[in-house]
Amino acid sequence: VRSRHRLVNRAGRPATASVRPDSAIPLDSAVHVDLLRQLAGTSTGALVTCASGSMEPAIRAGEQVRIATRPPRQGDIALFVSTAGRLILHRLLLRVPWTPLWLQTGDASRGAPRLVHERRIIGVRVRG
């Protein structure tokens, strides 16, 4: 997922603002995630670019998606940080009853769905 906002690291040099879901997040990624959370909480949300085809045909690689902070619902497409520290844009299939866990997968994924804790969710896709 790539954001449209320019980031700088602590040394004042440009930080990595383009993060692919299949790559390791750089050291300055905590700043990137915090910025995405803040932008998703604004009235306009955060505009991100899908970097892979895992959500095709709903979202094509290179397509921009607006992410906003609101309670997730079944069927939402959510941007979250995986346990491996990667940014992922996948569909929430269902909430595991009586837990803060969601079952998620990419629409084009062949593997089994995985769990994500709701505190890892940055925001969900909104139209407009």
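The values are calculated or read from the model by the stated rules, or taken from the named source; none is laboratory data. Remember, predicted model here, so these are calculated numbers, not experimental data. Methodologically, a virtual Cβ is constructed for each residue, glycine included, from the backbone with ideal geometry; neighbour enumeration extends over all protein chains shown. Ligands, DNA and RNA are stripped out before the accessible areas are found, and what is left, the full protein with its side chains, is counted by its heavy atoms. Shrake-Rupley method; radii C 1.70, N 1.55, O 1.52, S 1.80 Å.
Looking at Arg95, Arg66, just one residue is closer than 21 Å to Ala40 by Cα and open to solvent by 60 Å² or more (accessible area, probe 1.4 Å), and that residue is Arg66. Can you find even one residue in the range 34-47 that is out of contact with any Pro (no Cβ under 6 Å at 6 or more places or on another chain), under 13 Å from Val124 (Cα atoms) and among the acidic types (Asp, Glu)? Checking the range 34-47: not a single residue is out of contact with any Pro (no Cβ under 6 Å at 6 or more places or on another chain), under 13 Å from Val124 (Cα atoms) and among the acidic types (Asp, Glu). State yes or no: is Pro57 over 12 Å from the mean Cα position of the chain (by Cα), open to solvent by 60 Å² or more (accessible area, probe 1.4 Å) and without any contact (Cβ under 8 Å) to a residue 24 or more places away in the chain? In short, no. Is it the case that Val96 is touching a Gly at 6+ places or on another chain (Cβ under 7 Å) and not basic (Lys, Arg)? Answer is no for this residue. Name the residues in the range 51-85 that are more than 23 Å from Thr99 (Cα to Cα) and acidic (Asp, Glu), would you? Across the range 51-85, the qualifying residues are Glu56, Glu63.
Sub-9 Å Cβ pairs linking a first residue in the range 108-128 that is closer than 15 Å to Thr83 by Cβ to a second residue that is among the hydrophobic types (A, V, I, L, M, F, W, C) and in a helix (DSSP H, G or I), at least 6 apart or interchain, are Ile122/Val33; Ile122/Leu36; Ile122/Ala40, ordered by first then second residue.
Scanning the range 63-89 for residues that are in contact (Cβ under 8 Å) with a residue 12 or more places away in the chain and over 14 Å from the mean Cα position of the chain (by Cα) gives Arg73, Gln74, Gly75.
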